[in-house]
Amino acid sequence: MAELNSRPLVVLTCFLIAGILLAALLPLSPRAVFFACGLLFFAALAGSLRGWRNTPWLICLLFLAAGFTLARLADCQVNPALFRYTGHWVTVEGVVVRETDVRPEVVYYHIKMKQIAAGEEKSAMDARVLVRVAVSGRVYSYGDLLRVHGLLVRPDDPRNPGEFDYRAYLARRGIGAILKVEDPSQITRLGIDGNPLLRRILLFKEKMLAVSRQTLPPAKAALVNGIVFGTQGEIPQELRDLFNKVGIVHILSVSGLHVGLVLGGVLFLLRIFRAPQKWLAPLGSIVLILYALLCGMGPAITRAALMGLMFLWAHHLGRDQDWPTTLSAAALISLLLNPPALYDIGFQLSFAATWGILYLGPVINKWTRLLLSRPDWVIAVIWVSLAAQLATLPLVARYYNLVSPVSLLANIAAAPLTGLILALGAAAGLAGVVWLPLAGLINAGTSFFLDLFTGLVSLLPALPGAVFYVATPPLPAILAWYPLLCLVVMVSNGRGWPAVKNYVQESIRQRRRAMLAAASGVILILAVWVVGHPEKKELTLHLIDVGQGDSILIQTPAGKNILIDAGGWSGEFESGRGAGDRVVVPYLRRLGVKRLDVLVITHPHEDHAGGAMAVAKAFPVELAAISPVGFRAPLTVENDPLILNHLDPDYELPPAYRQLLIYLVNKKTPVRPVRAGDEIKCDPRLVIRVLAPPFPPLKGTRSDENNASVVLQVCYGRQTFLLTGDIEVEAQEWLVNSGANLQADVLKVPHHGSRFSSPAFFENVRPALALICVGKHNRFNMPASETLERLKMQDAAVYRTDEHGAVILSADGKNLRVKTGRAFTRRTAPGIGMDPG
């Protein structure tokens, strides 16, 4: 293996990564693999001493087995004994082992437990738990020994396909449960523990953070602390969303840019004080290590600090600086210390961006200088930003579903201003620890540059083509991207297509069998992908898990998108944040939805309409079909700009719902109150009938607004779907008596399966498959046992979002296939000719 002799760390790191990935696929015992590691170690040692020809392969297999073993051991960090206490109120004693995460309305502590008590039972417990304090109070620090009383729960697993897996994220950090504390008085400080040096370092950081909070407005202080230390908890969500859109969110995650600026500051000070150049490596190393500790040793700062240290000492010792070896060494050290870091988004983006800058950068720099001659700093920002963006493009598309062409302009503005803000913010923090008024004077300048920075950045999203939202790319496309970039670099470096062809042919001659096997594997993967994902003209119904609420997306055979309700969490009408922006909008983005052809709001309750404003702001809406509740008369003109004048002033609609209607009208979106007998024309292959409500809607019922829900009958081929909103007994009986044919293959069970249902309604529908939108552990005890019993009497297969997560139905007009979002497993319901798919 020539590569193992020339750049051994590159090859060994690749095998270590392969071992970590295999650990997630193969359920082998860590003990067995550890035993294999031992055998391989001694075999490699013997091979090295005896000069065996295949020793390099033994060393590679050793690193493969080591990666597998370390990853499997990391999976065992969570103590399973903790789970017997979940769902109970407990009192735990333990030490804060990480820096406290302070946010506007909540504080998080990472605690290593020593003891747990539930009632009269008390026992020792070696486990980690995340303490969530809902109300601000006294903030504790690293090393504090605490006694905490709260409700211990397991974090939820992902409920929708592609959703962030918070349970796995915490498990990679050794955390198996969350302790929810409602009252800060339930926390008692017992003493001090932990590493005393690290405690002093982090306490000094807390003083610097406090200086910013005392001398700047809250939003500006949070931004300065984010730029200087990567502390993001207090940064307003709107500002983080803005930075994410324009492609400069990396300035809030301390990485190579910050390390370069810090080392530049050290070099500047050495020159001012005319210190010998030989001091750069020792002093720079001390500053880098302290800075990495202050910033929390996340994946990005760890990578940047390790590479910075290696480049410093290579320069100091006069050694060659081989960036592939340095980058691989940083990855190798990081993964040996923390194998689960491989799955961390920050780790992947940091290493991909660095690879892009170092590998693609010189080529892009050459291209840029053909177009621009000066200034040099602008050229540098362009090629560095473009190289990093190209290298991280598929990862950003996969995790964030967006591409930001405007990031080049944003980084041109961000690079110099970030350096100024970092320098001023750090100087103010250091000065403020000694004398606070001096920090206030410095931060007056910081405030000016922050205003300039955020002002420039906030203009960019309005530019044409600034941001593109994309569907989540498939894994084969991501894997194909990087060889394509390498091919472009090879051609650009002057090899030309003939040279590339000769290189490939020579590689095949030298490694014919390996190349043939690799090519066969690639062809097989592509064939499986094509066969497994044929283009089909189907109707797809997504029952999105939004908790205790409703949201249904229908994607028609013609590619139209119909969203029926947008969920809503408690308080979302007032705050504007919740199920809409956190669940529904990301779900639609992952699917590549660009616009909504129809937005149906069945009725104005928060659990159905609360997320609609976020959806309307995120996507163009061609038609909004709403319940006629609250209107004085039926409307015949769906785009009447005076539609709001038809609202009954005496009817108390939620103010946020009125604001939603005003927003839609101001956006020139046709708003159409629909009633029984109407049709919604969207796709010629579908028939969408409105079966309810009548006009005027029913009055004097248990819940007039629930019973005024829009009820839709969707017919495709020989299949019928009945979507019922929150109608209760009165509206269900009205439907039965209306003479409409209610029989349906699929029923969205009314009102989350509540007990306010009519037996005659279910007898008329006779569904083969019943869908229930309901929140896990909801306080209403839904679905009701009597409703489930009625569905059982109809032999209906029941799918519930509280048990199955999202439910995705694919229909071809004859058969149905069902997939569920919980672990994205495929399921089959009996009795309706389902394709097991």
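The values are calculated or read from the model by the stated rules, or taken from the named source; none is laboratory data. Everything numeric in this text was worked out from a predicted model, so none of it was measured. Cβ coordinates were reconstructed from backbone atoms using ideal geometry, including for glycine residues, and neighbour counts include every protein chain displayed. What goes into the accessible areas is simple: the full protein's heavy atoms, side chains included, and nothing from ligands, DNA or RNA. Shrake-Rupley method; radii C 1.70, N 1.55, O 1.52, S 1.80 Å.
Using the charge dipole of the chain (Lys, Arg: +1 at Cβ; Asp, Glu: -1 at Cβ; taken about the Cα centre), state which of Asn645, Leu26, Gln713 has its Cα farthest towards the positive end. Among Asn645, Leu26, Gln713, the one farthest towards the positive end of the dipole of the chain is Leu26.
When the helices of the chain are scored as -39500 (n - 2.57) per DSSP H run of n ≥ 4 and the total is divided over every residue, the value at 222 nm lands at -15000 deg cm²/dmol.
In a DSSP loop and with at most 16 other Cβ atoms within 10 Å, the trypsin sites (Lys or Arg not before Pro) in the stretch 274-376 are Arg274, Arg319.
If you filter the stretch 535-609 for GluC sites (Glu not before Pro), then keep DSSP loop positions with at most 12 other Cβ within 10 Å, what is left? Present the calculation step by step, with values, prior to reporting the outcome.
Working: sites: Glu535, Glu538, Glu572, Glu574, Glu606; in loops: Glu535, Glu538.
The qualifying sites are Glu535.
Taking Lys681, Lys748, Lys122 and ordering them by how much accessible surface each has at a 1.4 Å probe, largest first, produces Lys681, Lys122, Lys748. Normalising by residue count, the stretch 300-415 has a Cα convex hull of 118 Å³ per residue.
Applying both filters, DSSP loop and at most 16 other Cβ atoms within 10 Å, to the trypsin sites (Lys or Arg not before Pro) of the stretch 759-790 gives Lys776, Arg779.
Per-residue Karplus couplings for the stretch 751-767, computed as 6.51 cos²θ - 1.76 cosθ + 1.60 with θ equal to phi - 60°, are listed in order as 6, 6, x, 5, 6, 8, 9, 10, x, 5, 4, 5, 5, 7, 6, 6, x Hz, Gly and Pro entered as x. Within a straight-line Cα-Cα reach of under 27 Å, Lys699 can be paired with the following lysines, leaving aside sequence neighbours fewer than 8 residues apart in one chain: Lys748.
If the chain linking Asp320 and Asn79 were pulled fully straight, counting 0.36 nm for each residue of separation and taking away their Cα-Cα distance, it would gain 82.2 nm. Take the convex hull of the alpha carbons in the chain; its mean projected area over all directions comes to 42.0 nm². If only the Cβ of Lys and Arg carry +1 and only the Cβ of Asp and Glu carry -1, the dipole of the stretch 161-291 around its Cα centre is close to 640 debye.
A simple charge model with +1 on the Cβ of Lys and Arg, -1 on the Cβ of Asp and Glu and nothing else charged puts the dipole of the chain at about 3200 debye relative to its Cα centre. Taking +1 at the Cβ of each Lys and Arg and -1 at the Cβ of each Asp and Glu, which of Leu198, Asn764, Ile562 sits farthest along the dipole of the chain towards its positive end, judged by Cα position relative to the Cα centre? The residue sitting farthest along the positive end of the dipole is Leu198. Count Lys and Arg as plus one, Asp and Glu as minus one, and take only other residues whose Cβ is under 13 Å from that of Ser253; the net charge is then +1.
For the stretch 239-359, compute Rg over Rh where Rg is the Cα radius of gyration and Rh is the Kirkwood radius from the inverse mean 1/r over Cα pairs.
Numbers: Rg = 15.1 Å, Rh = 15.2 Å.
In the stretch 239-359, Rg relative to Rh is 0.99.
Rolling a 1.4 angstrom probe over the chain with all protein chains present gives an accessible area of which 61% lies on carbon and sulfur atoms.
When you have a sec, figure out the Kirkwood radius of the stretch 49-199 from all distinct Cα pair distances and drop it here in Å to one decimal?
Working: mean 1/r = 0.0576 Å⁻¹.
Its Kirkwood hydrodynamic radius stands at 17.3 Å.
Of Ser551, Pro394, Ala692, whose Cα points farthest to the positive end of the dipole of the chain (charges on the beta-carbon: +1 Lys, Arg; -1 Asp, Glu; origin at the Cα centre)? Most positive-ward Cα: Pro394. Annotation: the stretch 113-242 has a Kirkwood hydrodynamic radius of 17.3 angstrom, from the mean reciprocal C-alpha pair distance.
The smallest convex shape that holds all Cα atoms of the stretch 445-493, its convex hull, gives 173 Å³ per residue. The distance linking the stretch 666-690 with the stretch 220-272 is 48 Å (Cα centroid to Cα centroid, whole angstrom).
When the residues Leu691, Leu769 are ordered by accessible surface, computed with a 1.4 Å probe over the protein chains alone, the sequence from largest down reads Leu691, Leu769.
Projected onto their three principal axes, the Cα atoms of the stretch 722-766 cover extents of 23, 21, 15 Å, largest first.
Classify the stretch 780-820 as rounded, prolate or oblate from the Cα gyration tensor: take a ≥ b ≥ c as the square roots of its eigenvalues, call it rounded if a/c is under 1.5, otherwise prolate when a/b beats b/c and oblate if not. Oblate shape, in that a/c is at least 1.5 and b/c is the bigger or equal ratio.
Would you please report the Å³ per residue occupied by the convex hull of the alpha carbon atoms in the stretch 1-92? Could the numbers behind the result be given before it?
Details: hull volume 11.6 nm³, N = 92.
So the per-residue Cα hull volume is 126 Å³.
Reported to the nearest whole Å, the Cα centre-to-centre distance from the stretch 538-552 to the stretch 135-199 is 32.
As a ratio to 2.2 N^0.38 Å, the alpha-carbon radius of gyration computed for the stretch 101-161 takes the value 1.30.
Keeping all protein chains in place, calculate the accessible area per residue for the chain (probe 1.4 angstrom), answer in Å².
Result: 48 Å² per residue.
Largest to smallest in accessible area, the residues Met208, Met793 fall in the order Met793, Met208 (1.4 Å probe, all protein chains included). Would you please classify the overall shape of the stretch 72-129 from the alpha carbon gyration tensor, given that a ≥ b ≥ c denote the square roots of the eigenvalues, rounded means a/c under 1.5, and beyond that prolate means a/b larger than b/c while oblate covers the rest? It comes out oblate by the Cα gyration axes.
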